[in-house]
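In what follows, a structure is listed as structure tokens, so that the remarks can point back to it.
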Amino acid sequence: TAPQPPQELTAESTPPLPSGTVRLRWRDPEFNLLGEPLGEFSIRIFRDGQLRGTVPKGTQEFTESGLPDGASFTYELVAVTPEGMESEPAQVSGIVGGALEPFPPTQIVARPHEQGVLLSWQTPAFHVDSTPLYDLAAVYVYNAEDGTLLDSLRIPAIQAGTRTELLLRLPVGRFYRLYLRTLSERG
């Protein structure tokens, strides 16, 4: 007669939420493991094995603040009846604020220009964990031969998810191998 676990558990931790905040949402179970309707129960919320809170049936949301930005987390939710019957845990993991690492620029095109090289690219819109790239700071352009920084564009000259152009003022009549890196900054 134990309850089914909470369903559709999700965790949000990126803006518009404040820095260091994680919001959990789920759908309460409606039945026990025998398929019978559930009466009263509560949801116990654990983060990294420690009890963080208990909410009554029907709440279906929990917010925790003050977590270090960039830290990993694992939440487990357990439905508990007044008789002490517990569900299997529902689990969700992530990184507070989303991953720190952004995707690299894509669709890079370099064209000869009378003053050097006209470079264009698609600035990424997401971090590597598919959270929105809300903390974009810069895109750097390097010489791939020796690793020297050739130029960069910083906010507000670039925006996440947009096509960007940059004129690299380099000696003409030469061949260049370039690579680009995206930088995100927090705090």
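The values are calculated or read from the model by the stated rules, or taken from the named source; none is laboratory data. All of these numbers come straight from a predicted model, not from anything done at the bench. Please note: Cβ atoms are built from the backbone with ideal geometry, for glycine as well, and neighbour counts cover all protein chains shown. What goes into the accessible areas is simple: the full protein's heavy atoms, side chains included, and nothing from ligands, DNA or RNA. Shrake-Rupley method; radii C 1.70, N 1.55, O 1.52, S 1.80 Å.
Some notes on this structure:
- Inter-residue pairs, beta-carbon under 9 Å, first under 19 Å from Pro82 (Cβ atoms) and in segment 51-66, second open to solvent by less than 70 Å² (accessible area, probe 1.4 Å) and small (Gly, Ala, Ser), 6+ apart: Thr54/Ser42; Val55/Ser42; Pro56/Ser42; Lys57/Gly39; Lys57/Ser42; Lys57/Ala79; Thr59/Ser42
- Residues of segment 16-39 satisfying the condition of being polar (S, T, N, Q) and out of contact with any strand residue (DSSP E or B) (no Cβ under 9 Å at 6 or more places or on another chain): Ser19
- Picking from residues in segment 153-173 that are touching a residue at least 24 places away in the same chain (Cβ under 8 Å) and of a type in the set (A, V, I, L, M, F, W, C), the one that is most open to solvent (accessible area, probe 1.4 Å) is Val172.
- Here Pro82, Pro104 are screened, and the one residue that is closer than 30 Å to Pro171 by Cα, open to solvent by 70 Å² or more (accessible area, probe 1.4 Å) and outside any strand (DSSP E or B) is Pro104.
- Val128 vs. criteria within 22 Å of Glu114 (Cα to Cα) and out of contact with any helix residue (DSSP H, G or I) (no Cβ under 7 Å at 6 or more places or on another chain): no
- Hits in segment 54-69 - residues which are hydrophobic (A, V, I, L, M, F, W, C) and not in a strand (DSSP E or B): Leu67
- Any chance Gln91 is on the phi > 0 side of the Ramachandran plot, open to solvent by 30 Å² or more (accessible area, probe 1.4 Å) and assigned to a strand (DSSP E or B): no
- Answer from Leu17, Leu9 - the residue that is closer than 24 Å to Val128 by Cα, hydrophobic (A, V, I, L, M, F, W, C) and more than 14 Å from the chain's Cα centre (by Cα): Leu9
- Residue list for segment 12-53, restricted to those being assigned to a strand (DSSP E or B) and either open to solvent by 60 Å² or more (accessible area, probe 1.4 Å) or modelled with pLDDT under 95 (or both): Glu12, Arg25, Arg27, Phe31, Asn32, Pro37, Arg44, Gln50, Leu51, Arg52
One line per residue, one yes/no per condition, for (1) open to solvent by 60 Å² or more (accessible area, probe 1.4 Å); (2) at pLDDT 95 or above:
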position	(1), (2)
Thr123	no, yes
Val128	yes, no
Thr131	no, no
Ala138	no, yes
Asp151	no, yes
Phe175	yes, no
